[in-house]
Amino acid sequence: MEKKEMTELQKRQKELFHQKTNGYDRLAEGEETLIQDYCEGYKTFLDEGKTERECVEYAIHLAEAAGFRPLVRGENLRPGDKVYRNNRGKALTLAVIGKKSLAEGAVIGAAHIDSPRLDLKQNPLYEEKEMAYLKTHYYGGIKKYQWTTIPLALHGVVVLENGETRTICIGEEPGEPQFTVGDLLPHLAADQAKRTMGDIVTAEQLNVFIGSRPYGREEGSDRVKTTILALLNEKYGMVEEDFLSAELVAVPAAKAVDIGLDRSVVGAYGQDDRVCSYACLKALLELDNPVRTAVCVLADKEEIGSEGVSGMQSAAFDTFMSDLCDAQGVPLKACYETSFCLSADVTAAYDPNFAEAYEVRNSAFLNYGVCISKYTGARGKSGASDASAELLAKVRRVFGENGVVWQLAELGKTDQGGGGTVACYIANRNIDTIDAGVPVLSMHAPFETTAKLDCYMTYKGMKALYNA
Ligand code: MN
Ligand code: MN
C-alpha cells in the first residue's frame, strides 16, 4: 500500500485525540491464541462453579495444585509463601507474600463469586393439582420473566439435624433430570401482556416444577409430593424437615459455550462476576515472589449488598489481613493505608439493540479491553467509591507499560439506573480502590455474554498490577 503523507490536521489529531481502537488491532504477536487458551480454562471454571460454594471448592483445588496451603494464625510467613483462608465454604481469600514488608501495603484484587439465581425457600416443596413444585425467593437483581421456560439445575447443601452435610447437584451431568419454571402460553396471555416488566411473572410465580408421578396406587392426597420426598430420601437420606436447614438454589443448567462463528465471545450463566474472579485468581496463582504481597478476594453476597459474614463488609477480610500483618509485626492500619485494590467487577457493554440506555461517549465496548470505571453508583454517584485521578493515572500507566488493552466507561446513561460493587466497602477501610472489569452483554440474565479478548485482558491487567 502506498504511504500517504499525513495532513497537518491529521497530525495534530493524532497527537491530541484520545484514540479508541478495537482491541484486536492492539494485540501483540501470538496473543489471539493466548486469549482462546485462557478462555478454555475460564469456561471450565464457570461449569465447575455455579454457586459460591462450588467456586470456593474449585478455586481451592486450583490453588493447592499451585502450591497454596491454609493460613495458620501465628505462623511465620516468608516472601514467596502462598496461603489461603476459606471463609465458611462461601468466600475465599488468598495471598502470596511479597519481598517488601506489608507496611508498604498489599496489592489486592477483589471479585465476587455469587450470582443472581433462584434460592429455594425453607419450606419449598408443595403439590398442587398433582404437580409438585419448589417455592423460590430470587437472589439478586433479576428480570423475573427471563427465568421461566429454561432448563434449571439444583445445587446446594442440605445439613441434617445431626450436622451431616449432603451436597446436592442435579441436572449438570448428561442424562440427569433438570427442572423448569413455567410461563403462560401466548394464546391466553391477554391479561399478562398488559402488565409491566416486574410482574409479567411475579416472584411468587417463580415456582420450580419438580415432578408429577403419584406415589403407588393407593388413594390419598399429596401423592406426587410423596414420590419426590421418597426419591430425595433414597438418594440423600433427607426428610421434608431437612429443607429447613438447607441452602438449595436453582441455576441455569446450560454449560459455558463459545458464541459466534468466530468464537469471539463466551456465553454462560454467572459471568458476573466469575469472569473477574477467574482473572484475579489465575493472575495470583501464577505469581512467584512478587515485590508486594498480592491478595485475591473472592467474596460472597455482593449481589445483595455485600452483607453478612461472607460478604465484603465482613470482618473476615480484616482478620485475614491482620493475620498476615501480625506475622510481620505490622499494624493493620499501616498496611491498609498503603495498599491498593482493584475491585474487579463487570460493567455493562454497549448494546446497539438498546442504544437508548447508553451514553455512547462513555460506554464500554466489546473487544475494547478491560474496562476501568472511575466510579459506579446511581443518581449522582450515590454509593460510589469514586477513585482519585492519581489512582487512575497509576493504573493507566501500569496497563500501558504492560500491553494491557483497556478502556474507560461508566454504566449506561446517567439517571437510567446504576450499580455498585465491593469497591466502597474496601475503600471505606482506608484502602485506595478502583473499579475495573469485563464489559458484559445481558448482565444478570440466565445467559450472559462477554468478549474473550476482554476476559483475557482483565487477567493480564490484574497480573500487571500484582507485579507492578
Ligand atoms: Mn458484579
Ligand atoms: Mn451483579
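The values are calculated or read from the model by the stated rules, or taken from the named source; none is laboratory data. Note that this is a predicted model, so its numbers are computed, not measured. Neighbour counts are summed over all protein chains in view; Cβ atoms, including those assigned to glycine, are modelled from backbone coordinates with ideal geometry. Accessible surface areas use protein heavy atoms only, side chains included; no ligands, DNA or RNA. Shrake-Rupley method; radii C 1.70, N 1.55, O 1.52, S 1.80 Å.
Largest first, the residues Lys460, Lys14, Lys194, Lys381 sort by 1.4 Å accessible area into Lys194, Lys14, Lys381, Lys460. Sorting 108-116, 300-308 by average packing, meaning the other beta carbons within 10 Å per residue, from highest down gives 108-116, 300-308. Heavy-atom accessible surface of Arg53, to the nearest 10 Å², is about 70 Å², with a 1.4 Å probe and all protein chains retained. Shown is the FRET efficiency for Thr165 and Glu307, computed with R0 = 30 Å from the Cβ-Cβ distance and rounded to the nearest 0.05: 0.80.
Using 25 Å as the Cα-Cα cut-off, could you pick out the over-long pairs in Lys82/Lys460; Lys11/Lys463; Lys135/Lys381; Lys50/Lys135? Each step should come with its number before you reach the end.
On the way: Lys82/Lys460 20 Å; Lys11/Lys463 35 Å; Lys135/Lys381 36 Å; Lys50/Lys135 20 Å.
The answer is Lys11/Lys463; Lys135/Lys381.
With the helix formula -39500 (n - 2.57) applied to DSSP H stretches of n ≥ 4, the chain reaches a computed 222 nm mean residue ellipticity of -8000 deg cm²/dmol.
For Gly80, what is the net charge nearby, where nearby means another residue's Cβ is under 9 Å from its Cβ and Lys, Arg count +1, Asp, Glu -1? Intermediate results must be reported in sequence, preceding the final value.
Values: positive: Arg78, Lys82, Lys99; negative: Asp81, Asp288.
Every neighbour counted, the sum reads +1.
Calculated translational diffusion coefficient of the chain (10 °C, 1.306 mPa s; Stokes-Einstein with Kirkwood radius over alpha-carbon pairs) equals 67 µm²/s.
First compute the accessible area of the stretch 1-157 with a 1.4 Å probe, then give the percent of it belonging to carbon and sulfur atoms. In the stretch 1-157, the share of accessible area belonging to carbon and sulfur is 49 percent. Give me the distance in nm between label points sitting 7 Å out from Cα along the Cα-to-Cβ direction at Lys381 and Val291, one decimal. Label at Lys381, label at Val291, 3.0 nm between them.
Here the Kirkwood formula puts the hydrodynamic radius of the stretch 314-468 at 16.4 Å, using every distinct Cα pair.
Close amide H contacts of Thr136 (hydrogens built in the peptide plane, cut-off under 5 Å, sequence separation of 5 or more or a different chain): Lys121, Val208.
Amide H contacts under 5 Å for Ile108: Val295, Phe340, Cys341, Leu342, restricted to partners 5 or more places along the chain or on a different chain, H placed in the peptide plane at 1.01 Å from N.
Solvent-accessible surface of protein heavy atoms, probed at 1.4 angstrom with all chains present, puts Glu5, Glu57 in the order Glu5, Glu57, largest first.
The stretch 272-289 and the stretch 328-367 have Cα centres separated by 15 Å.
Rank by packing, highest mean first: peptides 196-206, 138-148, with packing defined as the count of other Cβ atoms within 10 Å averaged across residues.
Numbers: 196-206: 13.6, 138-148: 17.2.
Highest mean packing first, the order is 138-148, 196-206.
On a per residue basis, the stretch 407-466 carries 30 Å² of accessible surface, using protein heavy atoms and a 1.4 Å probe. Take the residue pairs Lys14/Lys413; Lys43/Lys121; Lys90/Lys301; Lys100/Lys282; Lys255/Lys452 and return only those whose Cα atoms are more than 19 Å apart. Over 19 Å apart, Cα to Cα: Lys14/Lys413; Lys43/Lys121; Lys100/Lys282.
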